[in-house]
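Enquirer: Here it is, the structure, as C-alpha cells.
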Amino acid sequence: MNIIIGLLMIAAGSLIVIKSEWLFNNIGRISFFEEKMGVGSSRFGYKLIGMIILLLGTLVLTGLWTKLFVGIFGRFFVGFGGIQG
C-alpha cells in the first residue's frame, strides 16, 4: 500500500512542479507567498509545494516516513505505549 501511495504522491508532486505556470494561471496567486516574499513568488510557492510532496512521496515509497516521524517526534509519544523514542 505504501508503494502505491508513494508513487501517487511522486506523480502529483511532479505534475505540480512541471505545471506550476498552468496552476498559477488557473488557480491564481498564493497570498502567503506574495505577502512574505514579494510579488511574483506564487510560482515559486507552487514549485515548493510540489517539491515537498515529491520528498514526502519518496519517504513513503521507501518506508522511511515512519522512521523519520518517530525520530523527530518520538520523544513526545513515549508515554502512549507502542512508540519508543
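Read the figures in this text as sums done on the coordinates, not as results from a lab. In this text, all values refer to a predicted model and were calculated from it rather than measured experimentally. Neighbour counts run over all protein chains shown; Cβ positions are idealised from the backbone, glycine included.
Enquirer: Taking the alpha-carbon distance from Lys19 and a cut-off under 28 Å, which lysines remain once sequence neighbours fewer than 8 residues away in the same chain are dropped?
Expert: Lys36, Lys47
Enquirer: List Phe76, Phe44 from most exposed to least, where exposure is judged by having the fewest other Cβ atoms within 10 Å.
Expert: So the residues, fewest neighbours to most, are Phe76, Phe44.
Enquirer: Per DSSP H run of n ≥ 4, the term is -39500 (n - 2.57); total these for the chain, divide by its residue number, and report the mean residue ellipticity at 222 nm rounded to 500 deg cm²/dmol. The partial results should precede the final answer.
Expert: Values: 5 runs with 62 residues, N = 85.
It lands at -23000 deg cm²/dmol.
Enquirer: Okay, next question. Defining a contact as two alpha carbons under 8 Å apart and six or more residues distant in sequence, what relative contact order in percent does the chain show?
Expert: In percent, rounded to a whole number, it is 38.
Enquirer: Taking +1 at the Cβ of each Lys and Arg and -1 at the Cβ of each Asp and Glu, which of Thr58, Ile27, Phe73 sits farthest along the dipole of the chain towards its positive end, judged by Cα position relative to the Cα centre?
Expert: So the residue we want is Phe73.
Enquirer: Which whole-number value in Å³ per residue fits the convex hull of the alpha carbons of the range 30-71?
Expert: Per-residue hull volume (Cα only) is 68 Å³.
Enquirer: Another question, then. Convex hull over the alpha-carbon atoms of the chain: what's its volume per residue in Å³?
Expert: In the chain, the Cα convex hull volume per residue is 121 Å³.
Enquirer: Hey, another quick one. When the dipole is taken about the Cα centre of the range 1-69, and only Lys, Arg (+1) and Asp, Glu (-1) are charged at their Cβ, what size is it in debye, to the nearest 20?
Expert: 80 debye
Enquirer: Express in nm, to one decimal, how much length is gained between Ser31 and Leu48 on full extension, taking 0.36 nm for each residue of separation and deducting their alpha carbon distance.
Expert: 4.7 nm
Enquirer: Taking a spot 7 Å from the Cα of Thr58 along the direction of its beta carbon, which residues of the range 16-35 have an amide N less than 16 Å from it?
Expert: Residues 16-18 fall inside that zone.
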